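One structure below.
Derivation of every value follows stated rules applied to the coordinates shown; laboratory data play no part. It should be emphasised that the depicted structure is a prediction, and the values quoted were computed from it without experimental measurement. Cβ placement follows ideal geometry from the backbone for every residue including glycine, while neighbour counts extend to all protein chains displayed.
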Amino acid sequence: MHTVIIPAAGSQERWGHPSVKQLADIGGEAIVERLLRQAKRVTNTVIVVTHRPAVAKRAWVADAATVNRGPDTALAETLLASAKYWGDRTTILLGDVVFTRHAIDRVLNTKHGAMFYRRADELFAVSFGQGKQQRMLNAIQQVWELKKIGKGRGKLVNIHRVFAGFDVTERKYSSECYTILNHPTRDFDKHWQYVDYIDRVVKTGKLDDMPPSL
């Protein structure tokens, strides 16, 4: 069984806008709806982790399960809470990332024991098989323990550092390190970045895998 986990909690403190980031519109559907549609191409076992009712509602409409976590939950804690749902293959897609068709297909169809996915120095996803579950769980647990004593932010880059043994900025490669995803796959820390992306990428037709026309 392939399980896809979509973390969509967090405080979005850098977003700088009253809107919910995961509900930002990308060509007629919310970011989280796009992720759900893409994930459903390979599995019916999709779980959205969120504390926001509006995000949970989109998940329910797409027939995906939800797990409730608080607004200040670090990613490491979120993933620990989702561990009981992990399958033979587990893929974690960060809930504020817009993936191209090529990028999402690489992530969801990988056969690697474990693989992180990045663009520039940011990590957007990780996928791992059952044979790497315990090692991944140990890495996440270690990152969460460090977060609790103020060392690190409990993010995917921290998990990668513990799991792989080096930082993503070191530009090293290994069979279980990371795969570089193509532009225009990206996330948005701030609302102005989203607005710029809509103008430069979506409105100019540079983003593929758009929702079917009604």
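The distance between label points at Thr204 and Ile180 comes to 2.1 nm (points 7 Å beyond Cα on the Cα→Cβ vector).
In this label model, Asp167 and His17 are separated by 3.1 nm, measuring between points 7 Å along each Cα→Cβ vector.
Per-residue ellipticity at 222 nm computed for the chain from its helices equals -9000 deg cm²/dmol, with DSSP H segments shorter than 4 residues left out and the rest contributing -39,500 (n - 2.57). Judged by the mean number of other Cβ atoms found within 10 Å, the most tightly packed of the peptides 8-19, 30-41, 201-212, 157-168 leads the ranking 30-41, 157-168, 8-19, 201-212.
The chain has equivalent-ellipsoid semi-axes of 25, 19, 18 Å, by the square roots of 5 times the alpha carbon gyration tensor eigenvalues, sorted largest first. Close Lys pairs in the chain, defined as Cα atoms under 16 Å apart and 8 or more places apart or on different chains, number 5. Note on Lys190 and Ala65: the extension gain reaches 42.2 nm, defined as 0.36 nm multiplied by sequence separation minus the Cα-Cα distance. The packing ranking of peptides 103-111, 42-50, highest mean first, is 42-50, 103-111, where packing means the average number of other beta carbon atoms within 10 angstrom of each residue. Taking every alpha-carbon pair under 8 Å whose residues sit at least 6 apart, region 1-128 reaches a relative contact order of 32 percent.
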